[in-house]
Structure formats: C-alpha cells, structure tokens
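The values are calculated or read from the model by the stated rules, or taken from the named source; none is laboratory data. The structure displayed is predicted, hence computed values, not measured ones. Glycine gets a Cβ as well: all are built from the backbone with ideal geometry, and neighbour counts include every protein chain shown. Each accessible area value is taken on the protein alone, full model and side chains, heavy atoms only, with ligands, DNA and RNA left out. Shrake-Rupley method; radii C 1.70, N 1.55, O 1.52, S 1.80 Å.
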Amino acid sequence: MSGEQMTPATELASRYDPKQVEDEFYQYWMDAKLYQAPIVEGKQPFTIVIPPPNVTGTLHLGHALNNTMIDILIRWKRMQGYPTLYVPGTDHAGLATQIRVEEDLRKSGGPTRHELGREGFLAKTWEWKEKYQGTINGQLRKLGVSVDWSREAFTMDANLSKAVRSFFVQLYNKGLIYQGTRITHWCPKDQTALSDIEVEYEEKDSNLWHFRYPLEDGTGYIEVATTRPETMLGDTAVAVNPEDARYTHLVGKMLRHPATGKLIPIIADGYVEKEFGTGCVKVTPFHDPNDFEMGMRHHLEMPQVIGLKGEITELGGKYAGMDRYECRKRIVADAEAEGWLVKIEPHKHSVGTCARCSTVVEPLISKQWYVKMAPLAAPAAKAVESGEIKIVPERFTKVYLHWMDNIQDWCISRQIWWGHRIPVWYCDDCGKQHAAEVDPTTCPHCGSTKLHQDEDALDTWFSSALWPFSTLGWPDKTKDLDYFYPNDVLITGYDILFFWVARMIFSGIELTEKTPFHTVVLHGLIRDSQGRKMSKSLGNGIDPLDVIDKYGTDALRFMLVTGSTPGNDIRFQMDKVEAARNFANKLWNASRFVLMNLEDWDPADAYPEGDYNLTDRWIRHRFNETVKAVDRLLGEYQYGEAARAIYDFIWSEFCDWYIELVKPRLYNKEDASRGAAQETLAIVLEGTLRLLHPFMPFVTEAIWQKLPAQSKPVEIAPEIAKQAGLTELQPSIAVTPYPEALGAWEDNEAANRMGLLVDSIKALRSIRAEFRLGEHAKIEAILMATTPDSQAILEEGRSFIETLGKTASLTIQAAAEVKPENAATAVLAGIEIYVPVGGLIDIPKEIERLTKEANATEADMTKLKNKLGNEGFLAKAKPEVIEKTREEATAFEEKLTSINARLAMLRKL
RNA sequence: GGUCGCUUAGCUCAGUUGGUAGAGCACGUGCUUUACACGCAUGGGGUCGGGGGUUCGAGUCCCUCAGCGACCACCA
C-alpha cells in the first residue's frame, strides 16, 4: 500500500467503492499510530475534546455532524504541523442510562432495579456501558475520525471520578455546595429531582377551573381559579393583591375550604395580579414555587398532598392514594355535585415535563444538594463578554450571557444509582457531615467510625463539566494536562450550550484558573427531509451506519458540512448524500485518468518553463486561489463554503476544463510539452487531494497512496510524527503538509486569457446545441478578434478551441469588413464568432434571437452608463470599482455594436 | 411577555468587509466522446416575504409589518 508501489490505473474500478478502502485505511492509520498526539516541547499543540456521547445508545446523525466538524478541523491543524490531539470518550449519562437499563430489564422480564439492589444494578449497568461504548467507538471508526484512542476517556473512569470528587470537595469547602430544603422539580416517574434546565415546557390545552371558597362566617364566598384542582388539598391560604379594592375588606378573614373543610386565611400578597382570573389565588406552598415563596413570607403550613410517585398522600383525606390526575377528575366532579364549581374555562398553559421521560414534573419540597451559582457565573460571563472565549456564530453570545446573568442555583443531587455518588459522609454518632475525596474511615469531627455515605448520585453534567481537563489527568499535574490544556476549540450543538458549554466554562475557570478553550463553535441540529426533529417516537431517525453503508463515509461527511450555515439546522436529504457520493466518484475517476497517463512519466525529469502552456499556468493559479479561499474559510469555521470551493475547483475547473484541455498533449507521445502536462496533472491532483483530505479522508488517502512518490511533498513523514517517537512511519496523506498558497503560482494574466478562451469555446458549443448541428459534427468556425489582445489570445488557444469546440476548420482573423452571411453568431467582448450553418439558419428566428440579446445587452450597458454618469458614484465609489464598471460598459458597448451590425446584415437578406 | 433565527429558481439551500444573483436536485434538448451515465454538453427558470429608510449603489446595513421556527421567562 505504500506510495512506492504503483497500481496500474487500468486495474482500478471505474467506480469508487468506499467499502474497499474505508476499514482497511482506518486500520492502517491505527497501525501507524498517526493520531496519537505527540508532546513536542516548544511547539504549540492543537486540542479538541469530543462532546462525549451518552452510553445510552448509538450515535445518530447529529453525532456524525459533530464529529465530522471536529475531525475536519483536527485533520487540518495536524496537516499544518501542530501536535494535534482529538480526545475521544463517552459519558455515563446517569439518569438517561439508568432509565434505559431499567427498561431493558423490564422488557427482558428480568428483576427490577430494586430487586437487584444497588450493587447488582450497577453491575448490570456497567455491562450495558461496555456494550454501547463498544458500539459507539465502532461507529466513530466508521466515521473516520482521527481521535487518539490511547487517550480514550469515560466519565466514570477512576481518574475522572477522582476529578469529580475533587471538584465537589473544593466547592463544598468553599461553601459553594450546600444542602437546601426547597421547591425542586421532581419527576414522579423517574423518582428523582431535576435541575431547572432538565425541565422542558410544553404548551398544553387545559382548563381554568373556578371554585367557590365560602367565608367561614357565612357572609359569602370568594371565587378562586386554578389549573391544578388536585393541589387544592394542600391549600393553606387564599391570596389577594393588597391593593385590590374588591377584597381588601376580606383580608384576614377565614375561609372554609370546600374540599377539605379546613379553615384557611385570606392573605394579601403583592405577587397576586388583580387582572388575572378572579384576582384570588389559592396558595399551595408544597406544590408550587410561587406559593412556596408566599408560604415562606406568611409562615403558612406546607402540607404535602402529592407524593413522590404522583399519588395523593394520606393528607388528601378521601382522595388519598389516588393518582394526581384521577384526583383532579374526582375533585371537579365533587365540586360540581356539591355546588362549589363555578365554571370551567378553556385555558392554554405551559406544563413542565421531564426532559428524559416527558412525564409532567411535580414541583415539590425536598432536601437536595445545590451549587451556589452567583460566584461561579460572574467570571464565566466575563470570559465571554471580554472575548477571552469567542462563540461562533456570534449571536449565541447573547444567549449565553443572558443565561449566565440570570442563573439559578444548580440542583446537583439525583435520586439515582448510576453515577458519581455524592462524596458526603454522615456520622451516626455526632450527626455531623463532611465531604471527602477519599472514602473516609473515621469522622473528622468526633473520630467515630460509624459513617454512612449520602445515597444520592450527582447530576451527570457535574462530571462532564470537567471534561476538557479531567480527560487530560486533572486533578493530577500530568504532562498531558500541562501541554494540551487549555483546549483550543469546542465544537458542539447549540442545544447543550447551557447543559454543558456554560458549565465547562465556569468549572474550568474555578478549578484551573483558565478558560477551558478559546473558541466555541456551535452547530445546528439535523432534521429530517421535512424539517422535523429526528426522534424515536416519530421513527424518522436515520442511522449514520446505514448511510455509510450505502454511500460511503466521505459522502456522508461531505454532505453534512456542505450547503449549510454555521449554527443553522440542517435538513437531511438522501439526494444530498448522493450528490456527495457522486463527487467522490468524480474525483476517483479524474484520478484514475491522471494515473493512467502517468504510467510512463518520469517524475525525476524537469522541464523548461516554456513547456508549461497557458492551461498549466491557469490551473495552478486556480488551485492556488482555491487554497487561499479554503484557508480563510476554515479559519472562520465556514466549513460549507470551504467545501464548496474545493468541489467547484475539482469538478468545474480541474475535470471539466483542465483534463479535457490536456488530453491532446497526453495522447501525442511526440508532444514536447507532454512531460510538463503530466507533471502539472500529478502535482495539482496531489495538492487537491491534500486540500480535500480533512473533509473526505478515505477517498483522498486511497488515491494518494497510488500516486507516484515524487509528486508528493518531500516531507511526507512530518517532524511531529517523528518526534512522537513513531518508529514505523508509514506514508499517509493525513500527515502531509496542508497546501499553502504559492506566490509563484499566482497568475492573473493566465486567468484572464483562459477566461476568454473558455467563453469562446462555450459560445461555439452553444451554437452547436442551438442549431442542432449534432454533437459530433465537425464544424467550421470563424473567430474575429475585435481587439489586438484578443487575437493573440485566440491564436495562443487555437488548439484548445479546435479540440473542445470540435471544429473542422478554424479561422482566426482580425475583424473583417465583410462578415459571413449564413452563419450563426455569438458576440463576446472582443470576439465575434461565426459558424456557417448554410440552410440550417432560420433568418427570422436568428433576427429574433439576436434582437433579444441586443436588448439585454443594451439594458446592461445603459445601467452601467447611468452609473458612470452619476456624479455621486464617480465621487464616492472606490477607484477600482469605477474602473471595472468602465471596462464592463465598454465591453457591452462593443458587443452591442457587433450585434447590431450583424442584425443590420441579416435584415438585408 | 422577552430574545434570536428563517423567509432567495419547482424543491433543499449557499451568498461575512454593500458594487449588475449562485449550487445541488428536479425540468427541456442533444450525446454508447477510450476518467467518470454516480457521466458530458447545452438550455429554461428568481420584482432575493411586504413596506419604508440610509447610501452614488442594498439580497447584503437600519426601521417596520407579516408568516414560520427556536430558545428564555412566566401565567393562579
């Protein structure tokens, strides 16, 4: 497979078959240890950590997009010579995984989590983790990502768990972690507390139920509206606005609760809006955040009427034991029967649901662990505000800052088993608690050995927040940490900006006193062909492996980054993948052509400058321009535009023009410039492969390996790989230098001259098609140059026009007085083209066609002339813009003159 | 309620210092041209959502309206 052995190109299949090369080359890269990041003292590294996929399942297209984007950047930087590290790994995904494992146990008829017990269940979950981690890693290999597997991490690895404890203890000892008893979101299905951002709000159609609460003294009643009748069992007051004249006289009086019969006070609280509903709010402190606040302010009792499973508690009297929704129905029915239901109003409101299982969450009071956010958020906001961390696209900066500035304390305890257990121990003797990095044996307060650890586990994001440095060894002072931290760029979907990115930033600053990366690149979500979110319930998810199986990894990668704008969602459509597959095939075949024509080329030969003709200079110039564009665009994270630039160069310039133009020289073994043509083909193709490699790693490697070694950069084994101590260096395009623009290849004159020739050839072809001359009929063409320059260019390009224009006879001359009559015409700036078509020409039709063109040309010309007649334009536009406008106007004018002359002649016929 | 995004060719989308609109797919026509029919050539197709403004000049900047979407906050 080495570059020294050239496979005869004739043996290559005429279709690129990804299956033939992908797995083989991935293994080749692994064997060569190309992606093991070297520590090269004195050299600046480039580091990105993978957003660790959850071990809940398999990768989806979003992961494919994410990893493709990262890998492009990583491969680019590696080829630029940076010691480059791409850290792979997975996330234990506490609650999410626990749910999946429990589901799995249920489906297979196995024991429940509680039957297994904590240890047994965790053992099962580790098995699950092994299985899915294996699947995920296999998928990543298929995606061709150049990660350093020797540094693979998992959030529950020993050292990462150590990092978690270290983080916890540091915050605990600083008083930034505390235990609080307050209202928290509770998922009755998953049986755990949730953080604010794990609750998703859904707008739902519901009702506003109006109930009558009678005054104790029998003098009347107050009307209360609620969206949750079941909570009224826990009412401990009814509140009105203190300035609401309708009710001020009632404040302080007692009500007889219609459902419980208990006496509750009417209180005044500014929270109540006079305009909403009836202006009277029932207060249920245990089950509503706002009511809780009021309960605190007014020292109300806080009875719990809904339990942890969403059931009515014993305090619910006759409703005890019912499900919360059953209870709602019963209460409404009772109210109706007993006459205290006033009305039911349809009402839309948003309902909080569990992000994991979509169950409607129950806000209730419980004792949980919290991180005090204010002191952590301030520096994290500042880092972004000051530009120390840049967010791409920039608009997300505002989203980030708004969240940071309004952040609530973070509930980090979860009533689950799978995850990092909270490192707090309680002493059974003295009752005190402490946090410890290493499991303690004695109580530091009283010396007792009777300790027990907190039962809860930490929110999974508590550990992923440390990912940029925990994967590198933190809290130990490792070489990796020293060298590769801070990371450089963080690339992820905008959907986890708060969950993950924000938390990495504040924890990184808190623990390492550095921002964990300098740039955050956010990408959009992959949607289905109809723009819907891909989801399990819709069944519209697509497995990346299926796409790869059908079209190849490179096609999938290319499709994912093409034709989209940074940060915008992407619609996944198979025909886009197909187009990308076709592109890979196009490149494959162009390369096959090049290789076929290189078999007798001696790469050692050098050629005099004169052997390189206009097309050689032109294609090198165009390649050079493409290199410049790609460099700029990748630097701005504009993957789509960069990919498009390469695509256009390969297809529309190298294949459509250069290869076609070079054929006669290759096929004529006597042609003196044949060697120069072969060399240009080889070198431009080789450079193009390197340019494209980060996007399409497999096909470029497969072709590159077949190119003769001498066409490749001398330094195929880069210094960094050597310094990494890689003994068995295998050649690979992955470690070649990325193309850089060469001043020597810049040639605007060649570009201009080629432009004229291309236009002439296109005009000839157009006439051929329009007049149905037949695809293969050799035609007669007369090209008249209306400027001395254009005549020289046409002469220089004569053979190209003959070949690609398929002319039997080609006359190039200065503009003549007498012009051909029965000829189809095309008029360019500086050139008139005549193709005698004899009886084929339909004079009225030709007059009509030319008249149309004359009108269009005149319109264009007038537009430009008006511009040039505008004093403001002349005074204020940039000189080069004015100059360009002048040239164009002149060109249009010349063209118009030619067309009109032609028309005048035709009309005489 | 607040913030942000989108609205460009039949469809899906590019278009980042403002200088006469592009791609892929689809469509019409012609091609077994010795790299490729996953191809070649050649066409048709757009008042860049509406309105206003800034400017010599606006798809591009500002304001406004409309439709769609996302996120944040919140509603007893």
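For A:K372, the conditions (1) out of contact with any Leu (no Cβ under 8 Å at 6 or more places or on another chain); (2) open to solvent by 70 Å² or more (accessible area, probe 1.4 Å) all hold with the exception of (1).
A single entry from A:S809, A:S799 fulfils the requirement of being loosely packed, with under 12 Cβ neighbours inside 10 Å and closer than 30 Å to A:I659 by Cα: A:S809.
Check off (1) more than 14 Å from RNA strand B (Cβ to nearest atom); (2) open to solvent by less than 40 Å² (accessible area, probe 1.4 Å); (3) within 19 Å of A:S898 (Cα to Cα) for A:M754 and give me the number that stays unchecked. Against the list (1) more than 14 Å from RNA strand B (Cβ to nearest atom); (2) open to solvent by less than 40 Å² (accessible area, probe 1.4 Å); (3) within 19 Å of A:S898 (Cα to Cα), A:M754 comes up short only on (3).
Can you tell me which residue among A:Y213, A:Y178, A:Y201 is part of a strand (DSSP E or B), modelled with pLDDT of 95 or more and more than 23 Å from A:E103 (Cα to Cα)? Outline the logic, then answer.
Working: A:Y213 fails: modelled with pLDDT of 95 or more; A:Y201 fails: modelled with pLDDT of 95 or more.
So the residue among A:Y213, A:Y178, A:Y201 that is part of a strand (DSSP E or B), modelled with pLDDT of 95 or more and more than 23 Å from A:E103 (Cα to Cα) is A:Y178.
The residue that is farthest from A:M404 (Cα to Cα), counting only those in region A:481-518 that are of a type in the set (D, E, K, R) and in a helix (DSSP H, G or I), is A:D482. So which residues in region A:512-535 are in contact (Cβ under 8 Å) with a residue 12 or more places away in the chain, over 22 Å from A:A465 (Cα atoms) and of a type in the set (D, E, K, R)? Residues satisfying the conditions are A:R527, A:D528. Scoring A:E273 on the criteria (1) near RNA strand B (Cβ under 9 Å from one of its atoms); (2) touching a residue at least 40 places away in the same chain (Cβ under 8 Å) leaves a single failure, condition (2).
Residue selection: A:V224 fails the criterion of being touching a residue at least 60 places away in the same chain (Cβ under 8 Å) and open to solvent by less than 10 Å² (accessible area, probe 1.4 Å).
Looking only at residues in region A:383-405 that are charged (D, E, K, R) and under 25 Å from the mean Cα position of the chain (by Cα), the one that is farthest from A:T512 (Cα to Cα) is A:R395. Scanning region A:653-672 for residues being open to solvent by 20 Å² or more (accessible area, probe 1.4 Å), more than 10 Å from RNA strand B (Cβ to nearest atom) and either part of a helix (DSSP H, G or I) or touching a residue at least 24 places away in the same chain (Cβ under 8 Å) (or both) gives a total of 3.
I'd like the residue in region A:565-597 that is touching a strand residue (DSSP E or B) at 6+ places or on another chain (Cβ under 7 Å), open to solvent by 40 Å² or more (accessible area, probe 1.4 Å) and within 18 Å of A:R532 (Cα to Cα) and, out of all such residues, is nearest to RNA strand B (Cβ to nearest atom).
First pass over region A:565-597, keeping only residues touching a strand residue (DSSP E or B) at 6+ places or on another chain (Cβ under 7 Å): A:566-567, A:569-572.
So of that shortlist, the ones also open to solvent by 40 Å² or more (accessible area, probe 1.4 Å) come out as A:566, A:569, A:571.
Remaining after also requiring within 18 Å of A:R532 (Cα to Cα): A:569, A:571.
Numbers: A:D569: 7, A:R571: 4 Å.
The selected residue is A:R571.
Given the residues A:V392, A:V351, which is the only one that is within 15 Å of RNA strand B (Cβ to nearest atom), closer than 28 Å to A:G567 by Cβ and open to solvent by 10 Å² or more (accessible area, probe 1.4 Å)?
A:V392
Which one is surrounded by the fewest Cβ atoms within 10 Å (Cβ to Cβ), of the residues in region A:227-261 that are free of Cβ contacts under 8 Å to residues at least 40 places away in the same chain and within 9 Å of RNA strand B (Cβ to nearest atom)?
The first filter runs over region A:227-261 and keeps only residues free of Cβ contacts under 8 Å to residues at least 40 places away in the same chain, leaving A:241-254, A:261.
If we keep only those that are within 9 Å of RNA strand B (Cβ to nearest atom) as well, we get A:241, A:244.
Working: A:N241: 21, A:D244: 17.
Applying the filter and picking the extreme gives A:D244.
Just one of the numbered conditions (1) within 15 Å of RNA strand B (Cβ to nearest atom); (2) touching a Ser or Thr at 6+ places or on another chain (Cβ under 6 Å); (3) more than 21 Å from A:S760 (Cα to Cα) is not true of A:D611: (1). Checked across region A:175-191, the condition of being within 31 Å of the chain's Cα centre (by Cα) and open to solvent by less than 10 Å² (accessible area, probe 1.4 Å) holds for at least one residue. The residue that is surrounded by the fewest Cβ atoms within 10 Å (Cβ to Cβ), counting only those in region A:852-894 that are near RNA strand B (Cβ under 10 Å from one of its atoms) and in contact (Cβ under 8 Å) with a residue 60 or more places away in the chain, is A:A891. Residue count for region A:229-265 satisfying the condition of being out of contact with any Lys or Arg (no Cβ under 7 Å at 6 or more places or on another chain) and either in a strand (DSSP E or B) or closer than 18 Å to A:Y325 by Cβ (or both): 12. For region A:325-346, state whether one or more residues are more than 16 Å from RNA strand B (Cβ to nearest atom), open to solvent by less than 40 Å² (accessible area, probe 1.4 Å) and free of Cβ contacts under 8 Å to residues at least 60 places away in the same chain. No, region A:325-346 contains no residue that is more than 16 Å from RNA strand B (Cβ to nearest atom), open to solvent by less than 40 Å² (accessible area, probe 1.4 Å) and free of Cβ contacts under 8 Å to residues at least 60 places away in the same chain.
Being within 9 Å of RNA strand B (Cβ to nearest atom) and surrounded by 16 or more Cβ atoms within 10 Å (Cβ to Cβ) is the filter here; which residues of region A:637-649 pass it? Correct list: A:Y637, A:Q638, A:G640, A:E641, A:R644, A:Y647. In region A:14-33, the residues that are surrounded by 12 or more Cβ atoms within 10 Å (Cβ to Cβ) reach residues that are basic (K, R) with C-beta atoms within less than 7 angstrom, at least six apart or across chains, in these pairs: A:Y26/A:R141.
Restricting to region A:482-522, and then to whatever is under 14 Å from A:T47 (Cα atoms) and surrounded by fewer than 19 Cβ atoms within 10 Å (Cβ to Cβ), can you tell me which residue is nearest to RNA strand B (Cβ to nearest atom)? Here the residue is A:T519. Only a single criterion out of (1) open to solvent by less than 20 Å² (accessible area, probe 1.4 Å); (2) under 18 Å from A:A377 (Cβ atoms) is not satisfied by A:D405, namely (1).
A single member of A:S591, A:S537 is out of contact with any helix residue (DSSP H, G or I) (no Cβ under 9 Å at 6 or more places or on another chain) and of a type outside the set (A, V, I, L, M, F, W, C), and it is A:S537.
Answer yes or no: is there a residue in region A:280-291 that is free of Cβ contacts under 8 Å to residues at least 24 places away in the same chain and either crowded, with 18+ Cβ neighbours inside 10 Å or aromatic (F, W, Y) (or both).
Step one: of region A:280-291, the residues free of Cβ contacts under 8 Å to residues at least 24 places away in the same chain are A:290-291.
Checking the rest, the ones that are also either crowded, with 18+ Cβ neighbours inside 10 Å or aromatic (F, W, Y) (or both) come to A:291.
Within region A:280-291, one or more residues are free of Cβ contacts under 8 Å to residues at least 24 places away in the same chain and either crowded, with 18+ Cβ neighbours inside 10 Å or aromatic (F, W, Y) (or both).
Within region A:556-571, the residues that satisfy the criterion of being of a type in the set (A, V, I, L, M, F, W, C) and more than 12 Å from the chain's Cα centre (by Cα) are A:L556, A:F558, A:M559. In this structure, A:R414 qualifies as in contact (Cβ under 8 Å) with a residue 40 or more places away in the chain, out of contact with any Lys or Arg (no Cβ under 9 Å at 6 or more places or on another chain), more than 16 Å from RNA strand B (Cβ to nearest atom) and within 27 Å of A:R165 (Cα to Cα).
Out of the residues in region A:95-149 meeting the condition of being of a type in the set (G, A, S) and under 25 Å from A:D543 (Cβ atoms), tell me which one is surrounded by the fewest Cβ atoms within 10 Å (Cβ to Cβ). Step through it out loud before you land on a result.
Taking region A:95-149 as the starting set, the residues that turn out to be of a type in the set (G, A, S) are A:96, A:108-110, A:117, A:120, A:123, A:134, A:138, A:144, A:146.
When the remaining residues are screened for being under 25 Å from A:D543 (Cβ atoms), the result is A:96, A:108, A:134, A:138, A:144, A:146.
On the way: A:A96: 21, A:S108: 8, A:G134: 11, A:G138: 13, A:G144: 24, A:S146: 20.
By that ranking, first place goes to A:S108.
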